[in-house]
Amino acid sequence: MTANGWLQIAIYAAIVAAIVVPLGGYMAKVFAGERTLLSPLLRPVETLFYRASGVDPARDQHWLTYAIGMLLFNLAGFVLLYALQRLQGVLPLNPQDFPGAAPDLALNTSISFITNTNWQAYGGESTMSYLVQMAGLTVHNFVSAATGIAVAIALIRGFSRRSAQSIGNFWVDLTRTVLYVLLPISIIGALVLIWQGMPQNIHAYVEATTLEGGKQVIAQGPVASQIVIKMLGTNGGGFFNANAAHPYENPTALSNLVQMVLIFTIGAALTNVFGRMVGNQMQGWSLFGAMGILWLVGVLVSYGAESAGNPAFAALGIDQQASPMQAGGNMEGKEVRFGIVNSALFATITTDASCGAVNGMHDSFTPLGGMVPMVNIQLGEVIFGGVGAGLYGMLLFAILALFIAGLMVGRTPEYVGKKLEAREVKMAILALLALPLSILGFTAIASVAPAGLAGLANSGPHGFSELLYAYTSATGNNGSAFAGLSANTPFFNLTLATAMMIGRFAIIVPALAIAGSLAAKKLVPASSGTFPTDNGLFVALLIGVILITGGLIYFPALALGPIVEHLQMLAGTVY
């Protein structure tokens, strides 16, 4: 680790922290239906959408109606995206004449993009046409992100409303998220990325002659418009197979910083939206503080492990220290333009959020360095998290933490003026248990099924880690991978698709049920027995519950993979 590395981490943290209040204030106005700077331009467009679709923006919905609308919208999106992929060979904007995707791959990709996972069992530049990339994948990058934000806002309304039978209108929340939040930032961000050298065109690929006289096909296309929303919407699906390690998808150090900032932008700002909507911004800062501490710990472990390099090499007398002559540390799988600090930081950020974009290969990280992304996802990606998903995931943990605190003092737990009773606690536990049941269940099946074992590039603990990471990533709606796994098979396409569905909708529906239950309750004035939730004690309790819960559930699986692999590496039996 170097002073320069820590300076880059500090600059990143300062930028994200500076965004929280202004963007949070803007988003709070948007979802309250108040006038904003963009209202004169966008309000007529918003009204036109409502009239064309028959939506009454003044009519709020019961939580069940809200949930049904969300599910039907995602079902329609799945059908359309599946059809686009299957018919790709006969549709326009396909200069490379790519054929239609195979049925199991099209199904996996469709579910991947509607669930905000963006798991890609294919190489984008060699599989998908421009039409599918733009009208299919990029569109779903917007609307899947907007769905997550809408659910988070609905849950916040559950805490902020009193004696209400509604939690908002899904169609209104979806429309406002896309128009007022995602689209303006994406337009500005795309222009910045184009300025940095990212392609944005619909030309055919170029065949170049190399210095040695060989032929090389250079892929291009509408890249910038997809990459900006891939990051802002914490989608993660790359235009190119190498994702953010590709020089067209991440041309410069500045584009790398911009993309990392975009990943956390909305997730961090939503903590401020929560504080504003419940009438106490310190409540939002408490959530931000818990997320920030967990993020910093992850960066410390990952950066430290990768900077230390391979102890087996040290035993051979190989110098792995950073110096003016060499980068030092474990450079395997790293993008040499960005180095270890930006690879470790990027890996931590992308798995804190449900993004999954990568500028280095997680499969080549050291065991402890690779364990950080895995643990981040298994904890529910609540460390700022995906757009919306991180906040409602953290609020589920907050409910569980306050339930435990209530048991300690013998009182009914309260959070921001709402009593947390059996229904809310049961729904929260149901949502939180869905993740480990899917992750561990599918990993167990793949570990013994011949079709699962056939996809492994490695045996032993690292091979197990490849399987565990795949189902962790799919269930967590992350999309990154230990790339040694060959996942484009019917077995993996179908099982991973199922895991993605569980990880998305088995969390969202209970969260909306909690929102409806809380909205119907009266606000309870704080008393001497109320556990304060806007101070350091609550932050510590929340972090403890997250880590203890995750540790109890996942430690046996982790011990079989990264931890055993790390011990083997120390003993010099691997790497």
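Assorted remarks:
- Lysines whose Cα lies under 29 Å from that of residue 426, excluding same-chain neighbours fewer than 8 positions away: 418, 521, 522
- Computed FRET value (nearest 0.05) for residue 206 with residue 90, which takes r as the C-beta separation and R₀ as 22 Å: 0.30
- Computed accessible area, residue 565, all protein chains, 1.4 angstrom probe, square angstrom: 10
- Pairwise label distance in nanometres, residue 528 with residue 254, each label 7 Å out on the Cα-Cβ vector: 6.0
- Signed unit charges on C-beta, dipole axis of the chain, positive-most listed residue 376, 530, 345: 530
- Sequence-separation-based contact order of the chain, relative, with Cα cut under 8 Å and 6+ spacing, percent: 19
- Using heavy atoms of the protein chains and a probe of 1.4 Å, the accessible area assigned to residue 331 is about 50 Å².
- Take the Kirkwood radius over Cα pairs of region 1-118, plug it into Stokes-Einstein at 37 °C and 0.692 mPa s, and you get 172 µm²/s for translational diffusion.
- Efficiency of FRET from Cβ geometry, residue 494 and residue 448, R₀ 22 Å, rounded to 0.05: 0.85
- The residues of region 106-264 expose on average 30 square angstrom of accessible surface per residue, using a 1.4 Å probe on protein heavy atoms.
- Integer Hz, Karplus 6.51/-1.76/1.60 couplings in order for region 506-511, x for Gly and Pro: 6, 9, 5, 5, x, 5
- A simple spin-label model places the labels of residue 163 and residue 336 7.0 nm from each other, with each point 7 Å out along Cα-to-Cβ.
- Note on the chain: helix-only mean residue ellipticity at 222 nm, from DSSP H runs of 4+ residues weighted -39500 (n - 2.57) and normalised by residue number, equals -20500 deg cm²/dmol.
- Calculated FRET efficiency, residue 47 to residue 71, Cβ-Cβ distance, R0 = 25 Å: about 0.45 to the nearest 0.05.
- Portion, in percent, of the accessible area of region 167-217 that falls on carbon or sulfur, probe 1.4 Å: 66
- Dividing the mean sequence gap of close Cα pairs (under 8 Å, 6+ apart) by how many residues region 138-192 holds gives a relative contact order of 45 percent.
- For the chain, the dipole from Cβ point charges (+1 on Lys and Arg, -1 on Asp and Glu) about the Cα centre works out to 1920 debye, to the nearest 20.
- Read-out mean projected area of the Cα convex hull in nm², derived from the coordinates shown; its label in (1) 45.3; (2) 22.6; (3) 26.7: (3)
- Environment charge at residue 420 (Cβ cut-off 14 Å; Lys +1, Arg +1, Asp -1, Glu -1): +4
- Between residue 2 and residue 80, full extension at 0.36 nm per residue minus the direct alpha carbon distance yields a gain of 23.2 nm.
- J(HN,Hα) series, region 441-456, from Karplus relation 6.51 cos²θ - 1.76 cosθ + 1.60, nearest Hz, glycine and proline x: x, 5, 4, 4, 5, 5, 6, 10, 6, x, 5, x, 5, 5, x, 7
- Protein heavy-atom surface of region 339-426, 1.4 angstrom probe: 64% of the accessible area is carbon and sulfur, with nucleic acids and ligands not counted.
- Per-residue ³J(HN,Hα) for region 154-171, Karplus 6.51 cos²θ - 1.76 cosθ + 1.60, θ = phi - 60°, Hz, x for Gly and Pro: 4, 5, 4, 4, x, 6, 8, 7, 10, 6, 10, 9, 9, 10, x, 10, 4, 5
- Scanning residues 5 or more positions from residue 418 or on other chains, those with amide H under 5 Å from its amide H are 524, with H placed 1.01 Å from N in the peptide plane.
- Between residue 34 and residue 18, the modelled labels are 2.4 nm apart [label points 7 Å from Cα along Cα→Cβ].
- Across region 269-424, Cα pairs under 8 Å and at least six residues apart give a relative contact order of 20 percent.
The values are calculated or read from the model by the stated rules, or taken from the named source; none is laboratory data. Everything numeric here is computed off the predicted structure, so don't read it as measured data. Backbone-built Cβ (ideal geometry, glycine too); neighbour counts: all protein chains shown. These area figures cover heavy atoms from the full protein model, side chains too; ligands, DNA and RNA do not enter into them. Shrake-Rupley method; radii C 1.70, N 1.55, O 1.52, S 1.80 Å.
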